[in-house]
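J.: Attaching a single structure in structure tokens format; questions to follow.
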Number of protein chains: 2
Amino acid sequence: MADTQSVTILPLTAEAFADYGDVLNAKDAPDVMINQGLCGRHHDRAQMICDGGRLGVSVFDAVPRDLPYQLDLMERHPLGSQCFMPMTEHPFLVIVADDDNGKPGRPKAFMVPPHTGVNIHRNVWHGVLTPLFSPGLFTVIDRVEGDGNNLEEHWISPPYIITE
Amino acid sequence: MADTQSVTILPLTAEAFADYGDVLNAKDAPDVMINQGLCGRHHDRAQMICDGGRLGVSVFDAVPRDLPYQLDLMERHPLGSQCFMPMTEHPFLVIVADDDNGKPGRPKAFMVPPHTGVNIHRNVWHGVLTPLFSPGLFTVIDRVEGDGNNLEEHWISPPYIITE
């Protein structure tokens, strides 16, 4: 059982993550230079979705986790995307999964490198926010109000063990 | 001339900044604890405005500035708010001004403390993004597309000198 429940963390790439969300960082070349050439604008890097309701900006302050990490819960948001941008220069862990008949399939774990955020697409199964260093502060852009149930949870037993 | 053009940087408080925008940080107590009590959600901290068009998430990579800082340009965005959230743990400078018959009045400069961002309200005069440390990386949430002119600039001569 240990082998099948063990998931190795992969490096994050936009290609590997494309089915689940967007990778947001400063690219090699900005889309446009602004402010008299002193600021590179890497423009509109996320596919933001908000089905009804309203997008807003929140601050999440999460307890850092240790590796190996025990994954016993995944969730998804049917009505909107959810963008996590670090407010520190630390890497963090993101876990996603394909849907398998209404529940998460085998998860994939990625290490988000420093200076990088992720936007998880609407209705994509993902683990909760998992910083690895303190403070676990993130800017979060998601659907902050609106009708309907925007949270679906799935508990996993036995848990997956996410390892380096 | 030097005296009248000199502006001393003030500490940022939500109260002092209220006429210009929002201060976004983790408050003493979160609005709600999520993720089995391991994450504080400081919810919906900014008055986001997008008049037509669409809100999006971009990454800005700005050259750090030195103090004293010479302010020769202010700008405002008639069609939307603009939220700057640091991707580092460094403080940064934000400069705003009241409107004075279609041009910026005397500016106010604030030092944004670590772990804090600002959302500049629609049509508020402000200086360009001014990090003081490298890397000058920010998550920016603003109006990324739409009709109409969303940028008004005003050049200032002689410049203001922003000092500690």
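The values are calculated or read from the model by the stated rules, or taken from the named source; none is laboratory data. Given the structure is predicted, the values throughout are model-derived calculations rather than measurements. Glycine also receives a Cβ, built like all others from the backbone with ideal geometry; neighbour counts cover every protein chain displayed.
J.: A:P11 is checked against (1) farther than 26 Å from A:E152 by Cβ; (2) buried (at least 21 other Cβ atoms within 10 Å of the Cβ) and fails just one. What number does that condition carry?
T.: (2)
J.: Which ones in the range B:87-107 are buried (at least 19 other Cβ atoms within 10 Å of the Cβ) and part of a strand (DSSP E or B)?
T.: Across the range B:87-107, the qualifying residues are B:F92, B:L93, B:V94, B:I95, B:V96, B:A97, B:P104.
J.: Which residues, counting only those in the range B:14-31, are in contact (Cβ under 8 Å) with a residue 24 or more places away in the chain and of a type outside the set (A, V, I, L, M, F, W, C)?
T.: So the first thing to find is which residues in the range B:14-31 are in contact (Cβ under 8 Å) with a residue 24 or more places away in the chain, and the list is B:16-17, B:19-26.
Correct list: B:D19, B:Y20, B:G21, B:D22, B:N25.
J.: I need a count of the residues in the range A:24-66 that are aliphatic (A, V, I, L, M), within 17 Å of A:H115 (Cβ to Cβ) and surrounded by 15 or more Cβ atoms within 10 Å (Cβ to Cβ).
T.: Adding up the residues that qualify gives 3.
J.: In addition: Of the residues B:M74, B:M111, B:M85, only one is farther than 30 Å from A:D28 by Cβ and within 12 Å of chain A (Cβ to nearest Cβ); which?
T.: Unique residue meeting the criteria: B:M74.
J.: Can you pull out every residue in the range A:32-53 that is more than 8 Å from chain B (Cβ to nearest Cβ) and in contact (Cβ under 8 Å) with a residue 12 or more places away in the chain?
T.: Once the filter is applied, which keeps residues that are more than 8 Å from chain B (Cβ to nearest Cβ) and in contact (Cβ under 8 Å) with a residue 12 or more places away in the chain, the range A:32-53 yields A:Q47, A:I49, A:C50, A:D51, A:G52, A:G53.
J.: Here's something else I'd like to know. Determine whether the range A:112-120 contains at least one residue that is farther than 30 Å from B:G136 by Cβ, of a type outside the set (D, E, K, R) and not in a strand (DSSP E or B).
T.: no
J.: How many residues are within 19 Å of A:P159 (Cβ to Cβ) and under 10 Å from the mean Cα position of the chain (by Cα) if we restrict to the range A:92-108?
T.: So the answer is 4.
J.: Whether any residue in the range A:67-86 is at pLDDT 95 or above, among the basic types (K, R) and surrounded by fewer than 21 Cβ atoms within 10 Å (Cβ to Cβ) is what I want to check.
T.: The first filter runs over the range A:67-86 and keeps only residues at pLDDT 95 or above, leaving A:67-86.
Right, trim to among the basic types (K, R) and you get A:76.
Filter once more, keeping what is surrounded by fewer than 21 Cβ atoms within 10 Å (Cβ to Cβ): none.
Looking through the range A:67-86, none of the residues is at pLDDT 95 or above, among the basic types (K, R) and surrounded by fewer than 21 Cβ atoms within 10 Å (Cβ to Cβ).
J.: Testing B:T139 on (1) surrounded by fewer than 19 Cβ atoms within 10 Å (Cβ to Cβ); (2) farther than 20 Å from A:G37 by Cβ; (3) not small (G, A, S), one condition comes back false. Which one is that?
T.: Condition not satisfied by B:T139: (1).
J.: Same structure, new question: Under 22 Å from A:I162 (Cα atoms) and crowded, with 21+ Cβ neighbours inside 10 Å, is that true of A:G21?
T.: yes
J.: Does B:R122 satisfy the condition of being surrounded by fewer than 17 Cβ atoms within 10 Å (Cβ to Cβ) and either among the β-branched types (V, I, T) or at negative phi (or both)? Talk me through it step by step, then tell me what you get.
T.: On the way: surrounded by fewer than 17 Cβ atoms within 10 Å (Cβ to Cβ): no; either among the β-branched types (V, I, T) or at negative phi (or both): yes.
It is false that B:R122 is surrounded by fewer than 17 Cβ atoms within 10 Å (Cβ to Cβ) and either among the β-branched types (V, I, T) or at negative phi (or both).
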